[in-house]
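Remarks on the structure that follows.
The values are calculated or read from the model by the stated rules, or taken from the named source; none is laboratory data. Just so we're clear, the structure is a prediction, and the values are computed from it rather than from any experiment. When we count neighbours, we look across all protein chains shown, and the Cβ atoms used for this are built from the backbone with ideal geometry, even at glycine. Surface areas here come from the heavy atoms of the whole protein model, side chains and all, with no ligands, DNA or RNA. Shrake-Rupley method; radii C 1.70, N 1.55, O 1.52, S 1.80 Å.
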Amino acid sequence: MSAPFSWIRPEPHGIHIVPADCWVDPARAVDKALVTHGHADHARGGHGQTVATPETLAIMKLRYATSDGATPVHYGETIRLPGGVDATYIPAGHVLGSAQILLEHAGERVIVTGDYKRRADPTCPPFQVTPCDIFITEATFGLPLFTHPPIEDEMAKLLDRLAAHPDRCVLVGAYALGKAQRVIAELRRAGHHEPIYLHGAMEKMCRLYEDHGVDLGELRLVSDYSKEDMRGAIVVCPPSALNDRWSRRLPDPVTAMASGWMRVRQRARQRNVELPLVISDHADWGELTRTIREVDAQENWITHGREDALLRWCQLHQRRARALALVGYDDEDD
Amino acid sequence: MEEFAALIDALVYTRSRNEKLRLIAEYLRATPDPDRGWALAALSDGLDFPAVKSSAIRNLMKDRIDPVLWTLSRDFVGDTAETASLLWPAPDDPPSPPTVGETVDLLSAMTRKSVQTELPRLLDRLDASGRYALLKLATGAMRIGISSRLAKTAFAQAFGVSVEEVEEYWHGLQPPYAELFAWAAGGEAPPDIENLPTFRPFMLAHPLEDTVVDLADYAAEWKWDGIRVQLVRAGDETRIYSRSGDDISATFPELLDVLPFPAVLDGELLVRGSVQGGEEGGAASFNALQQRLGRKTVSKKMLAEYPAFVRLYDVLLTEGEDLRELPWTGRRARLEALMKRLPQSHFDISQLVQPRDFDHLAEIRGGSRDEAIEGLMLKRRDSPYIAGRRVGYWYKWKRDPLLVDCVLMYAQRGSGKRSSFYSDYTFGCWDGDPDAGADLLPVGKAYSGFTDEELKKLDRHVRQNTVNRFGPVRETDKSLVFEVAFDSVHESKRHKSGLAMRFPRIHRIRWDKPPHEADRIDALRALIRD
Ligand SMILES: [Zn+2]
Ligand SMILES: [Zn+2]
């Protein structure tokens, strides 16, 4: 009998499942990888075998052109890995295809969340609270000042500004995978049925979402239309294009950005944003701490983000926790 | 307060200067007295509430949130007021915001003790934007990219008056500037400042850089290494103003009853000595003057050891006559004539430098470091005295900086726009032979001298080469060399190295240079000229 949980080991390049010689979200190419979702700091090309949801595999194929050794696992499905380890994929509510991975071995249960949120999202199924012994959580917005407002408020802000400037356009910077599609879907839900214009880099991912049954309404490519056409319209682009020369083709854009970081004024100013929209695909502070309480694991491991503060919270609430020093995880543009 | 908070938010997110002017002007037109006057004060010079400081806000928060979580949040945001506005628990009752005037009254009435109960009550009456505006207003530092000049320009634009006139009256008036609004918005007579010892904005110089001027058109004088001051006497009172218009009269009491007639004089405040320009120059080093700066009360010993005087450059007004329209030559002649009526004990005149030609002038400048003088000033002979910096009138031609190679030791997150970057650098020199196990000792700090691109690279270097973290500070692995430029170096007890640099900035980042080739403390010490 080996020591409890000795079969799962956090290493700098990812979480190692020792008996199966498998890695979760490894930062470098490995023989066998379990991937939580398609964002670049979690999903990388070049693995011998990639186990992920069909949606995540489709996203990886589009972004990193990797389809070798793709092993799809549906939500709720369990696969048996070598060495007697079972892996079950559970919705994480982060982006299309995102999953928490429940790992079971010798009666011990470990969950790796990848990234997650607790708010409703029309583009993916909601996070499911699942009991476990070790809960390996993200902490991107792990500071008590992060409270994401209701998305309806942010949509109202956006539509108000649009109405106030009928001869301009509102240019929304949004992360190309997940955030952009969620913003578009939420605009539709808020009753905005006008065509929405897309930066070229967003097109394929939006089509992929549509192929997976997410209705985004009428989308048009900026490059196919004139300045005149786009007056009074919403244009969505990746954050990197916000202050780029590309935006000169737009009719006097009001610069908006959809990101949880927009809660901090100086962050918005750094990006020259005129209309900050506090919209995030990650759990905010209240949700991170609520989730830790609800999952109620014996131990919490904190992967990436502001781990110092979440660690402190766990200490204050007598919950066992440790921060993992993983390399290669970035703050996404969320 | 809602309108003020909305204005602040809009200004935070507005890039264009014209749009900022429009937003402020619109607010000033639409808002009644005294709210708009208080708002104008907050946006320009800032308001001062002695009991409400950042430390009071910190104390308030530490009763409501774990101190570690507070510090982590504060470090992330980079601004105490904003952090507190975000972390303040939402009250149960709907907001019932006070007016700006009411807010100012409440803040003024707070004491160090009552602030702990009164400020929370005020915060509970506001939403997050309101709390941000309140705390910014209360701590007197808006730092939202609005200069005092911009606020005054917006005022001028709002009511169709000239900004020069606004500047002229400004320093004679107090917030909420009732007389100023009565004049500009209400069409009443302009405020009377004739008999008030008010500050007049300084005329400033551009760096000369590569310009070559014709000495037939320009006069040259030394740029003395003290602090630029304006001495104003009116209505039997003398005041001394610093370059930014701060009243520093209390720091230099010996100069308050030596100006025998009404006047506004521009000069350099110095301490008697024989460092700058030798015996003949008659002035001590800046380091000596520094002993006198920043004090609210001055001991007899200080007055005796570091006697201050003013070396005059210019005259703006005298005995009711405004000389600012005169050419510099005319004002200089008037100043020379005035010298006979000023006591030599506390005044002299800045002597002109008489070069044969521009090359000779360059040679004279070359010697300014040995003379311990900051450099030269070049003034167009026909220049009127105009507030601010105008191209082509006055130039400063500072001596070349000193250079030394230092090693990056610590980096700290910046504030404001730079709050997500490690942008403040502490660097050191070797206290002996690095190959024989010498240590680095910190010798200075710099925040400037690099481009935005370089800042990104430096930030990445710091993050990737961190060996220790102390709150917002990271200790690096001491692998990067900076070529640091600085104006001079002095003995200092404040630093372990015993040295302090003036105006250090990053001159070049030596990505290529191994750290053991950086300079030693001895090399830096050899540059002291006190
Ligand atoms: Zn993600
Ligand atoms: Zn992530």
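Residue-level check: of (1) within 14 Å of chain B (Cβ to nearest Cβ); (2) within 30 Å of A:Ala323 (Cβ to Cβ), A:Cys124 misses just (1). Of all the strands (runs of 3 or more DSSP E) wholly in region B:415-483, which have at least 2 residues that are surrounded by fewer than 13 Cβ atoms within 10 Å (Cβ to Cβ)? In region B:415-483, B:466-470 are the strands (runs of 3 or more DSSP E) which contain 2 or more residues that are surrounded by fewer than 13 Cβ atoms within 10 Å (Cβ to Cβ). Restricting region B:107-142 to residues that are without any contact (Cβ under 8 Å) to a residue 12 or more places away in the chain and among the charged types (D, E, K, R) leaves a set whose member that is most open to solvent (accessible area, probe 1.4 Å) is B:Lys113. Tell me, please, whether a residue that is polar (S, T, N, Q), touching a helix residue (DSSP H, G or I) at 6+ places or on another chain (Cβ under 8 Å) and in contact (Cβ under 8 Å) with a residue 12 or more places away in the chain can be found in region A:131-138. Yes, that holds for at least one residue. Taking A:Ala27 as the residue in question, decide whether it is open to solvent by less than 40 Å² (accessible area, probe 1.4 Å) and either within 16 Å of ligand 2 (Cβ to nearest atom) or in contact with a Gly (Cβ under 7 Å, 6 or more places away or on another chain) (or both). When the stated conditions are applied, A:Ala27 passes them.
Condition test on A:Asn243, is it more than 16 Å from ligand 1 (Cβ to nearest atom), buried (at least 21 other Cβ atoms within 10 Å of the Cβ) and of a type in the set (S, T, N, Q)? Spelling it out, it is not the case that A:Asn243 is more than 16 Å from ligand 1 (Cβ to nearest atom), buried (at least 21 other Cβ atoms within 10 Å of the Cβ) and of a type in the set (S, T, N, Q).
It is to be established whether one or more residues within region A:325-333 are more than 16 Å from ligand 1 (Cβ to nearest atom) and within 22 Å of A:Glu11 (Cα to Cα). Yes; the residues of region A:325-333 include at least one that is more than 16 Å from ligand 1 (Cβ to nearest atom) and within 22 Å of A:Glu11 (Cα to Cα). Selection over region A:90-120 of residues that are open to solvent by 10 Å² or more (accessible area, probe 1.4 Å), basic (Lys, Arg) and either within 16 Å of ligand 2 (Cβ to nearest atom) or in a loop (DSSP other than H, G, I, E, B) (or both) gives a count of 2. Listed here are the strands (runs of 3 or more DSSP E) enclosed by region B:258-374 that have at least 1 residues being closer than 18 Å to B:Ala205 by Cβ: B:263-276, B:308-318. Can you pull out every residue in region A:126-148 that is in contact with a Pro (Cβ under 9 Å, 6 or more places away or on another chain) and either within 16 Å of ligand 1 (Cβ to nearest atom) or closer than 28 Å to B:Leu86 by Cα (or both)? The answer is A:Pro126, A:Phe127, A:Ile136.
Of the residues making up region A:54-86, those that are more than 16 Å from ligand 2 (Cβ to nearest atom) and either within 15 Å of A:Ile17 (Cβ to Cβ) or at pLDDT 95 or above (or both) number 20.
Looking across A:Ala87, A:Ala58, one residue alone is assigned to a strand (DSSP E or B), surrounded by 14 or more Cβ atoms within 10 Å (Cβ to Cβ) and in the same structural domain as A:Glu104 (by TED's automatic domain parsing). It is A:Ala87. B:Ser242 meets all of the listed conditions (1) within 17 Å of B:Leu342 (Cβ to Cβ); (2) within 19 Å of the chain's Cα centre (by Cα) but one, namely (1). The selection criterion, being of a type outside the set (D, E, K, R) and farther than 30 Å from A:Leu310 by Cα, does not hold for B:Met61.
Could you figure out which of (1) more than 16 Å from ligand 2 (Cβ to nearest atom); (2) away from chain B (no Cβ under 11 Å); (3) among the aromatic types (Phe, Trp, Tyr) isn't true of A:Trp313? Failed condition: (2).
In region B:38-89, counting only helices (runs of 4 or more DSSP H) that sit wholly within it, the ones holding 2 or more residues that are within 10 Å of chain A (Cβ to nearest Cβ) and of a type in the set (A, V, I, L, M, F, W, C) span B:67-77, B:80-87.
A single member of A:Thr140, A:Thr123, A:Thr147, A:Thr130 is away from ligand 2 (no atom under 16 Å from the Cβ), open to solvent by less than 10 Å² (accessible area, probe 1.4 Å) and of a type in the set (Val, Ile, Thr), and it is A:Thr123. Pairs please, first residue from region A:201-212 and under 19 Å from A:Val235 (Cβ atoms), second anywhere and among the small types (Gly, Ala, Ser) and not in a helix (DSSP H, G or I), Cβ atoms under 8 Å, 6+ apart in sequence or on different chains. Filtered contacts from region A:201-212: A:Ala201/A:Ala176; A:Met202/A:Ala176; A:Met205/A:Ala176. Taken over region A:264-290, the criterion of being part of a helix (DSSP H, G or I) and either among the polar types (S, T, N, Q) or at the interface with chain B (Cβ under 9 Å from one of its Cβ atoms) (or both) is satisfied by A:Arg265, A:Gln266, A:Arg267, A:Ala268, A:Arg269, A:Gln270, A:Thr289.
Under the condition of being touching a strand residue (DSSP E or B) at 6+ places or on another chain (Cβ under 8 Å) and surrounded by fewer than 17 Cβ atoms within 10 Å (Cβ to Cβ), which residue from region A:12-24 is modelled with the lowest pLDDT? Out of the qualifying residues, it is A:His13. Quick check on region A:228-241. Is at least one of its residues of a type in the set (A, V, I, L, M, F, W, C) and touching a Ser or Thr at 6+ places or on another chain (Cβ under 7 Å)? Yes.
Cβ-Cβ contacts under 6 Å between residues 6 or more apart (or on different chains), taken from a first residue in region B:361-384 that is at pLDDT 85 or above to a second residue that is hydroxyl-bearing (Ser, Thr, Tyr), are listed as B:Gly375/B:Ser368; B:Leu378/B:Tyr218; B:Leu378/B:Tyr395; B:Arg380/B:Tyr218; B:Arg380/B:Tyr393; B:Arg381/B:Thr329; B:Ser383/B:Tyr393.
Is one or more of the residues making up region A:42-52 exposed (fewer than 14 other Cβ atoms within 10 Å of the Cβ) and away from ligand 2 (no atom under 16 Å from the Cβ)? Within region A:42-52 (the criterion being exposed (fewer than 14 other Cβ atoms within 10 Å of the Cβ) and away from ligand 2 (no atom under 16 Å from the Cβ)), the answer is yes, since at least one residue qualifies. Could you please find all residues in region A:268-285 being among the β-branched types (Val, Ile, Thr) and more than 16 Å from ligand 1 (Cβ to nearest atom)? Listed by number, the residues that qualify are A:Val273, A:Val278. Kindly evaluate A:Trp261 against the criterion of being part of a helix (DSSP H, G or I) and more than 11 Å from every other protein chain (Cβ to nearest Cβ). Against the criterion (part of a helix (DSSP H, G or I) and more than 11 Å from every other protein chain (Cβ to nearest Cβ)), A:Trp261 does not qualify. Screening A:Ser223 on (1) among the hydroxyl-bearing types (Ser, Thr, Tyr); (2) more than 28 Å from A:Ala139 (Cβ to Cβ); (3) surrounded by 20 or more Cβ atoms within 10 Å (Cβ to Cβ) shows it passes everything except condition (3).
Every condition in (1) more than 14 Å from chain A (Cβ to nearest Cβ); (2) under 21 Å from B:Arg143 (Cβ atoms); (3) charged (D, E, K, R) is met by B:Arg131 except one, and the failing one is (1). Of the residues A:Ile302, A:Ile279, A:Ile292, which is surrounded by fewer than 22 Cβ atoms within 10 Å (Cβ to Cβ) and of a type outside the set (Asp, Glu)? On inspection, the qualifying residue turns out to be A:Ile292. Among the numbered conditions (1) away from chain A (no Cβ under 14 Å); (2) within 24 Å of the chain's Cα centre (by Cα); (3) of a type in the set (Gly, Ala, Ser), the only one that B:Ser96 does not meet is (2).
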